[in-house]
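Just below is one structure, and these are the notes that go with it.
What follows draws every value from the coordinates through simple rules; no lab data is involved. Computed from a predicted structure; not experimentally measured. So basically every Cβ, Gly included, is an ideal-geometry build from the backbone, and we count neighbours across all protein chains shown.
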Amino acid sequence: MKHASEKLAEPFVRLFWKAQIGVLRSCPPVCGVVTGLSMGAANSPGLWKKTLCQLAAQMPRAVLEHGRNRHDKRVVLSRVSFAITARCTLNCDQCAAHIPDLKEHKDILFDDLNRDIRALLACVDYIYIVYLSGGETLLHQNLDQLVRLCAESGKVGSVNVLTNGTIIPDAKTLAALREVNAVVRISKYEPILQPGVAQLKQVLKHNGIRYTHESGAAWNDMGSSDRLREGSAKRRFSVCVNQLCVICYYGKLHLCGESAYLMREGLIPDCEEDYINLSDVSPVEFRVQWRRLLKKRVISACSYCLGDTYKTPKVPVAVQVKRRDPNC
């Protein structure tokens, strides 16, 4: 049961969450600054004071930049993730990419990713941060080409590669990461799951590649997708941080990963109103559909998901479960 003080504080907590999500969602430059600074602060609580000072210093410029973008009617995204593979060296319970639930574990073909990345970049004026994610991203054999593809357009502020810390990049990938000044974001798990993470960090450092080894005491319990969730989906969406995590998955741009993965796998009904099909949209049409997405106050996936909110139950990080397919 909740204490009386918690019940009294809940409306104010909710208001705070709605306000910060509203600001970050409506002002991409601010979201880009916050995301970039939080990568460093996540490694040490002692850095938060310095990070807040940096944020305060950069905020005026971000707000002015946002004003110019609006005046010039530019389409600017704070961050976009391209899921490039469903192969992984781990099989984690409550995986954000639903790896244990997938029917197939394979890379998305380079030609398809090349088409999707180019299609999105042709429709937008700028993306502050592009994430390449998985599965285990470093398993994709064309990762070096994908990293360069994102950076060469001049429309991407920073390329970030997500990894679980179990793979050492090959020489061609290291060269590409160094060339575009990419950031490698290493998830922090139990040492038994990452026996080679020290070597990975040493290799990255030796090659002059920026990296973070992110902490995380717990994951969110997103719930099971096989039944509708209790409570208001609209209410959950209003305080869910996942709506800031735009993702492109098999050519469709979704507001969050849950929507992308669950619809692709047929775990929830497909809803064309909840995404943009990049294979069938012109830059002009994209602008219209993007504005429509930003005005949404709920998406269909919210009815099956507990979201990433201040109320979401927590579960242990990276608990390993048995693989469905022994060949993946």
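Whole-Hz Karplus values for region 232-238 come out as 7, 5, 5, 5, 5, 4, 5 Hz, taken residue by residue from phi with 6.51 cos²θ - 1.76 cosθ + 1.60 and θ = phi - 60°; glycine and proline positions read x.
The modelled label-to-label distance between ARG148 and ASP221, using points 7 Å beyond Cα along the C-beta direction, is 4.7 nm. Taking 7 Å steps out from each Cα toward its Cβ at ALA122 and PHE16 produces label points 4.6 nm apart.
Report the extension gain between ASP112 and HIS71 in nm, rounded to one decimal, defined as 0.36 nm multiplied by the number of residues separating them, less their alpha carbon distance. List each step's numbers first, then the result.
Details: separation 41, 0.36 × 41 = 14.76 nm, distance 3.42 nm.
In short, 11.3 nm is gained.
Solvent-free Debye calculation, one equal scatterer per alpha-carbon of region 75-315: log10 I(q)/I(0) at 0.16 Å⁻¹ equals -1.23.
Taking a threshold of 31 Å on the Cα-Cα distance, which of the pairs LYS73/LYS252; LYS234/LYS314; LYS205/LYS322; LYS234/LYS322 fall above it?
Working: LYS73/LYS252 23 Å; LYS234/LYS314 21 Å; LYS205/LYS322 34 Å; LYS234/LYS322 34 Å.
In this structure, LYS205/LYS322; LYS234/LYS322 lie more than 31 Å apart at Cα.
Could you compute the FRET efficiency for SER282 and ASN181, with r as their C-beta to C-beta distance and R0 at 22 Å, rounded to 0.05? Efficiency, rounded to the nearest 0.05: 0.10. Highest mobility in the GNM of the chain, judged by mean-square fluctuation with C-alpha springs under 10 Å and restricted to ASN207, ASN277, ASN242, is found for ASN207.
3J(HN,Hα) along region 61-76, derived from phi through the Karplus expression 6.51 cos²θ - 1.76 cosθ + 1.60 where θ = phi - 60°, amounts to 5, 5, 5, 5, 5, 4, x, 5, 4, 5, 5, 8, 6, 7, 8, 10 Hz, with x in place of Gly and Pro. Helix-only arithmetic for the chain: the sum of -39500 (n - 2.57) across DSSP H runs with n ≥ 4, divided by the residue total, places the mean residue ellipticity at 222 nm at -12500 deg cm²/dmol. For the pair GLN202 and GLU214, the difference between a 0.36 nm per residue extended length and the Cα-Cα distance amounts to 2.7 nm.
What trypsin sites (Lys or Arg not before Pro) does region 288-320 have in DSSP loop regions with at most 16 other beta carbons within 10 Å? Walk me through the numbers before you get to the answer.
Details: sites: ARG291, ARG292, LYS295, LYS296, ARG297, LYS311, LYS314; in loops: LYS295, LYS296, ARG297, LYS311.
Sparse-neighbourhood loop trypsin sites (Lys or Arg not before Pro): LYS295, LYS296, ARG297, LYS311.
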